[in-house]
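Just so you know, all these numbers are worked out from the coordinates, no wet-lab data involved. What you are looking at is a predicted structure, and each value in this text was computed from that prediction instead of being measured. No Cβ is skipped: glycine too gets one built from the backbone with ideal geometry, and neighbour counts run over all protein chains shown.
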Amino acid sequence: MRRACVLFLMAATSPLAAVDPGGTAATRARFIARHRCAIVARLDAMHRRGPVGESRDRFIIVALRGERQRYVQCIFHARDTRMFCEASSGAYGPAGDGRLRLGAAEQAALRALGYVQASPRENFARDVEMGDPPDFTIVADQMLSALHDGYGARPESVIEITAPHGGDPGAICNTPES
């Protein structure tokens, strides 16, 4: 019983426990459950392929299909014990009406997940500790939570994943490719 209370307390106080006003903890959990394996499998493939001392081409981008400016990207560093992640702010999008403009609620949702925007001309950024050996579910859940809370992804949302050395997790995950 004590362990269950401690786990509940940890989950309730985690930055991943916060949910944006347009979604719920249940919709976030379903969205994460649908897409986690594909991200974790790619991160694991990149980690195993190495070299862990280099970051070049060892990144992953997860975006909402058809919403090219709504993405989170992460790159390995610190010998694969950490990933530097950015959530799109729209700063690098096209000029004018086509540029992503996050409202106050979306920005607050990203900040609640630990993302910081140093300047309006930059993306939101954060460093994610994975441990040694790395636990890739930490990064996958962080990326998917940002898509859900900050960009409105829902359980039925389709994602696109770019990971140059991430392999094809289709058979491993036993789910249709996003």
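Figures for the structure shown
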| item | result |
| --- | --- |
| Model label zone, ASP127; criterion: amide N under 17 Å from point 7 Å along Cα-to-beta-carbon; scope the stretch 85-114 | 85-87, 114 |
| Cα coordinate range in the stretch 30-84, projected on the principal axes (Å, largest first) | 33, 23, 15 |
| Loop sites in the stretch 101-166: trypsin sites (Lys or Arg not before Pro), DSSP, at most 12 other Cβ within 10 Å | ARG101, ARG121 |
| Spatial extent of the stretch 20-178: Rg and Dmax, with the Cα atoms as the point set, Å | 15.0, 44 |
| Mean-position separation - Cα centroids, the stretch 37-57 and the stretch 63-129, in angstrom | 20 |
| Scattering curve values for the stretch 64-152, log₁₀ I(q)/I(0), Debye with Cα scatterers, q = 0.23 Å⁻¹ | -1.13 |
